[in-house]
Amino acid sequence: MPRSTSDQTEPEPYRLSASASHLLHRAEQLASDRFAQLVGESVTLRQFAVLAAIAETPGLSQSDLGRATGIDRSTLAEMIGRLEKRGFITRTASASDARAYSVRLAAAGATILSGATHHARAADAAILDLLPRTKRRAFLAILERIAKLSDELAEKAERNVRRQAKREAKARRSGKKGQAGAPRRKRGG
């Protein structure tokens, strides 16, 4: 449940300068812009994150990759298609789940990742260098905590969706059994 930021009866005007979501977006823009300046158009910061996640855990499913990167399913599916078309990744049927793909880096993807890693670190530094040295570790810890809580909320939501689907499937089965097993009335009798 969202917390109130004020106990006042009349709300203050919304100020972007005090908005956590807006300020996080601005920090992400700084990192993306810095990364793009250094890397050029070969790969975006989000594509780099996907390649890095694949390199970190080869063979991830697209669902696992979405959880690892925080990229929503439809955006990730589109991005994976583009990365595969460019020869940066390969997708093969998963050995453990016939409905899923296992994603791995192709040689071209490994080359791009290797070349862009230095620039990703520079993009991180563009943000961290704006902070006093004594605040950098705390800032990263807070971001890690937010990401962890976000992952936990997403996992909880996925569990709730699965539970609800199971309940609905069970209700449909129970309804069909109830209809099929009900005694039929004789006509005219």
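Figures for the structure shown
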item	result
Residue count for segment 32-80, restricted to those that are without any contact (Cβ under 8 Å) to a residue 24 or more places away in the chain and assigned to a loop (DSSP other than H, G, I, E, B)	5
Residue within segment 75-85 that is over 19 Å from the mean Cα position of the chain (by Cα), in the same structural domain as residue 47 (by TED's automatic domain parsing), surrounded by 13 or more Cβ atoms within 10 Å (Cβ to Cβ) and closer than 30 Å to residue 21 by Cβ present	no
Criterion violated by residue 89 - all others in (1) over 14 Å from the mean Cα position of the chain (by Cα); (2) in contact (Cβ under 8 Å) with a residue 40 or more places away in the chain; (3) farther than 23 Å from residue 145 by Cβ satisfied	(2)
Enumeration of residues in segment 89-103 that are surrounded by fewer than 16 Cβ atoms within 10 Å (Cβ to Cβ) and either touching a strand residue (DSSP E or B) at 6+ places or on another chain (Cβ under 6 Å) or under 16 Å from residue 65 (Cα atoms) (or both)	92, 93, 96, 97, 99
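The values are calculated or read from the model by the stated rules, or taken from the named source; none is laboratory data. All values reported here derive from a predicted model rather than from experimental measurement. All Cβ positions, glycine included, derive from the backbone under ideal geometry; neighbour counts span all protein chains shown.
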